[in-house]
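Colleague: First the structure, then my questions, so here it is.
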Amino acid sequence: RKEFLEMFFFAFHACGLRVVDVMTLQWKHIDFARRELRKIMIKTNKRHVIPLTESALRILRHGDDKRECCRYVFNLVKESLDDAEALYKARNNATKCINQSLVVAGEQIGLPFSLSMHAARHSFAVFALNQGLSMSVVSRLLGHGSTDVTEKVYARFLPETLSAEVARLKNDLASLEII
């Protein structure tokens, strides 16, 4: 479904937003003037502010026609699901459906890995780190509790960055005289 691909790209462009937070994203969480998203994240139960890129804003504006009639941006969660358990089940079912559709889309375009909503999160993190964002900034954008989590998951994806840093270190060490 086209909406699932929009969700995938939005998650990537919204700093690796988790699938559960994309699904429960409401229009009231978006501040177009400040170009940011303010939401209490489902997993951590903490308020998180995410700066929105132009690409993320473009995806949101594409759904502008739904702002007046729908509470949720991607409209996968039914308005009547205010009960926590029912909402949890609905989110799980929707996540399975979304990921199954993304796997099929990924296979059709010949990706060498399974496409999923979590792949958007990982892709954002690896892209941001390889573009020079610090581990602490990426950690904050992902909403991790500490940089330890981010380092444990993403350090292995940085061979170019790690090689460049070691090469720089070698040059610095070569200038020191060893007695």
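The values are calculated or read from the model by the stated rules, or taken from the named source; none is laboratory data. Computed from a predicted model, the values in this text were never measured in an experiment. In this analysis, Cβ positions are derived from the backbone assuming ideal geometry, glycine residues included, and neighbour counts consider all displayed protein chains. These area figures cover heavy atoms from the full protein model, side chains too; ligands, DNA and RNA do not enter into them. Shrake-Rupley method; radii C 1.70, N 1.55, O 1.52, S 1.80 Å.
Colleague: Hey, among the residues in the range 144-159 that are in a loop (DSSP other than H, G, I, E, B) and over 17 Å from residue 120 (Cβ atoms), which one's most open to solvent (accessible area, probe 1.4 Å)? Steps first, please.
Modeller: Of the range 144-159, the ones in a loop (DSSP other than H, G, I, E, B) are 144-146, 158.
Filter once more, keeping what is over 17 Å from residue 120 (Cβ atoms): 145-146, 158.
Values: 145: 80, 146: 44, 158: 12 Å².
Going through the qualifying residues, I end up with 145.
Colleague: Given the criterion touching a helix residue (DSSP H, G or I) at 6+ places or on another chain (Cβ under 6 Å), open to solvent by 50 Å² or more (accessible area, probe 1.4 Å) and under 30 Å from residue 137 (Cβ atoms), identify the matching residue among 98, 59, 42. Quick ask: steps written out before the conclusion?
Modeller: Numbers: 98 fails: open to solvent by 50 Å² or more (accessible area, probe 1.4 Å); 59 fails: open to solvent by 50 Å² or more (accessible area, probe 1.4 Å).
Just a single option satisfies the conditions, and that option is 42.
Colleague: Assuming residue 136 fulfils every condition listed in (1) surrounded by fewer than 17 Cβ atoms within 10 Å (Cβ to Cβ); (2) at pLDDT below 90 apart from one, which condition is it?
Modeller: (2)
Colleague: I would also like to ask the following. Could you check how many residues of the range 67-76 are more than 19 Å from the chain's Cα centre (by Cα) and either open to solvent by 40 Å² or more (accessible area, probe 1.4 Å) or at pLDDT below 75 (or both)? Write out each step before concluding.
Modeller: Kept after step one, since they are more than 19 Å from the chain's Cα centre (by Cα), are these residues of the range 67-76: 67-71.
Filter again for either open to solvent by 40 Å² or more (accessible area, probe 1.4 Å) or at pLDDT below 75 (or both), leaving 67-69, 71.
Matching residues across the range 67-76 total 4.
Colleague: Using beta carbons and a limit of 7 Å, which pairs, at least six apart or on different chains, have the first residue in the range 12-30 and in a helix (DSSP H, G or I) and the second one of a type in the set (Lys, Arg) and open to solvent by less than 10 Å² (accessible area, probe 1.4 Å)?
Modeller: That search, which allows pairs on different chains as well, returns 21/39; 29/39.
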